[in-house]
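Worksheet for the structure shown next.
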Amino acid sequence: MAIPIRLTVNGKPVDAQVEPNTLLVQFLREQLRLTGTHVGCDTAQCGACTVHLDGRAVKSCNLLALQADGATVTTIEGLAGTVGDKVGNGLHPMQEAFRECHGLQCGFCTPGMVMSATALVQEHPGADAATIRKHLEGNLCRCTGYHNIVRAVQQGQAGMQSSAE
Ligand code: FES
Ligand code: FES
């Protein structure tokens, strides 16, 4: 039996009906068509499904949609434009940094990486490379070897901080 939920997704109010066993990632992808949030595993290990729930990075494959009732959810689609865009291309500074630092190859992990990285900067402003690596342990990338991702997060962090000044 479907259950009504009400939440805010990427700044917009959403009223929906979900089954009790609908995962948050299924709800985002299949009901709201926000397919930037990826599914890379079925063991809650890869982090490709990472979104922000009330400002904290969470694995949306590991939560029920019901658990987001009343919450504020941000997906990769809602990130652009939330912090100053000095380059003027519409990207969030963290997205721009991943592009500039070649922090992606196939890009499958990238939405989750970017969502984890932006949450990291909010929680640990000024994080060093070791802290960034530790924080991203829950986000797996099969392509890049992580060096460019860490560089991207450092650059994105600087961009976020200068945008906030
Ligand atoms: S799909 Fe959520 S951790 Fe892999
Ligand atoms: S860029 Fe391909 S999995 Fe990370």
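The values are calculated or read from the model by the stated rules, or taken from the named source; none is laboratory data. The shown structure was predicted, so the numbers you read here are calculated from the model rather than taken from an experiment. Heads up, the Cβs are rebuilt from the backbone with ideal geometry, glycines too, and the neighbour counts pull from every protein chain shown. Accessible surface is based on the protein model in full, side chains and every heavy atom, while ligands, DNA and RNA are left aside. Shrake-Rupley method; radii C 1.70, N 1.55, O 1.52, S 1.80 Å.
Tabulated data for the structure shown
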| item | result |
| --- | --- |
| Region 60-160: trypsin sites (Lys or Arg not before Pro) in DSSP coil with no more than 11 other Cβ atoms inside 10 Å | Lys86, Arg142 |
| Considering only the chain, percent of DSSP beta bridges that pair antiparallel, nearest 5 | 90 percent |
| Probe 1.4 Å, protein heavy atoms only - accessible area per residue of region 84-164 in square angstrom | 48 Å² |
| Over the chain - Rg/Rh using Cα atoms and the Kirkwood inverse-distance radius | 0.97 |
| Most fluctuating residue given options Ala129, Ala117, Ala48, as computed from a GNM of the chain linking Cα atoms under 10 Å | Ala129 |
| 222 nm mean residue ellipticity, helices alone, for the chain (DSSP H n ≥ 4; -39,500 (n - 2.57); rounded to 500) | -9000 deg cm²/dmol |
| Region 3-78 - percent of accessible surface contributed by carbon and sulfur, probe 1.4 Å | 47 percent |
